[in-house]
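Remarks on the structure that follows.
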Amino acid sequence: MNPDELFEIIKSRRAVFPVQYNNEEITESELNRGLESANWASNHKRTEPWRFRVIRERAKQGFAEFIVQKYMDNTPAENQSERKKLDIIDKCNLSDTIILIHQKTSGLVPEWEELAATSMAVQNMWLMATALRIGAYWSSPSAILQMEEFLPMEENEKCIGIFYMGKLNGSLPPGNRKPLADKIQVIRN
């Protein structure tokens, strides 16, 4: 791959929501390629703090029910919406694969470094998904703070997000960014 091809993949990475997914299955090979890409993220002192819990097939229904229940538990009754509950269920049903993003803190480095390393792992997975025409996005509802009620966790492990994935249906609009010059200060002396 040449640098221009890589740059195009980086520029075309987007948050792609489940309503933009089609019914085509993400193959085991594609999923493993994304997860293996995540595993090559940079991390200080080789702590490799990322952990992934992959939810597929019938398990998505149980996950959807858990998230809806947490929404109801965490939202005052007067603020609850049937539309929101249905949206949660649809999001899970429209996704081929749901990955729970976990971080395991080692105590060897500051926690923020392990959060950064886990985020880099997700970015690697997201870039591979983009190259494979798999849509994805990272969500972090309040339910992630209660994820140990859904799946047991190891000591010093916490859920930091939900990564929804599905084969991309159609094309995505071009992205835009503010000028790079507005974000850089070069110091020479």
Measuring from the longest principal axis of the C-alpha atoms of the chain, the long axis of helix 82-94 (C-alpha) lies at a number of degrees, nearest 10, equal to 60
Projected label distance in nm at Phe7 and Leu108, using a 7 Å step from Cα toward the beta-carbon: 3.6
Helix-only estimate, please: 222 nm mean residue ellipticity of the chain, summing -39500 (n - 2.57) across DSSP H runs of length 4 or more and dividing by its residues, to the nearest 500. -12500 deg cm²/dmol
With x for Gly and Pro, the residue-by-residue ³J(HN,Hα) of the stretch 70-76, computed from phi through the Karplus equation 6.51 cos²θ - 1.76 cosθ + 1.60 at θ = phi - 60° and given in whole Hz, is 5, 4, 5, 5, 9, 10, x
Taking the Cα centre of the chain as origin, work out the dipole magnitude from +1 charges on Lys and Arg Cβ and -1 charges on Asp and Glu Cβ, in debye rounded to 20. 580
Correct option for percent of Cα pairs over 27 Å apart [calculated from the coordinates] among (1) 47; (2) 28; (3) 36: (3)
GluC sites (Glu not before Pro) in the stretch 55-160 lying in a DSSP loop, each with at most 14 other Cβ atoms within 10 Å of its Cβ, come to Glu57, Glu154, Glu155
Expressed as an acute angle from 0 to 90° and rounded to the nearest 10, what is the orientation of the C-alpha long axis of helix 28-39 relative to the principal long axis of the chain? 60
Under the rule rounded for a/c under 1.5, else prolate if a/b exceeds b/c, else oblate, using alpha carbon gyration tensor axes a ≥ b ≥ c, the stretch 110-189 is classed as oblate
Using modelled backbone amide H atoms (1.01 Å from N, in-plane), which distant-in-sequence or interchain residues come within less than 5 Å of Ile55's amide H? Ile98, Ile99, Leu100
Test item: Cα-centred dipole of the stretch 70-150, Lys/Arg +1 and Asp/Glu -1 on Cβ, debye: 280
Multiply the residue separation of Glu148 and Phe17 by 0.36 nm, subtract the distance between their alpha-carbon atoms, and state the gained length in nm to one decimal. 44.6 nm
Starting from the Cα gyration tensor of the stretch 57-154, take the square roots of the eigenvalues, sort them a ≥ b ≥ c, and report rounded, prolate or oblate (rounded when a/c is under 1.5, otherwise prolate if a/b is larger than b/c, else oblate). oblate
Quick one: how many lysine pairs in the chain have C-alpha atoms under 28 angstrom apart, if they're 8 or more apart or on different chains? 28
Within the stretch 1-65, which trypsin sites (Lys or Arg not before Pro) sit in a loop by DSSP and count at most 15 neighbouring Cβ atoms inside 10 Å? Arg58
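Laboratory data are not the source of any read-out in this text; all were calculated from the coordinates shown. Fair warning: this is a prediction, and the values are worked out from it, not measured in the lab. Neighbour counts run over all protein chains shown; Cβ positions are idealised from the backbone, glycine included.
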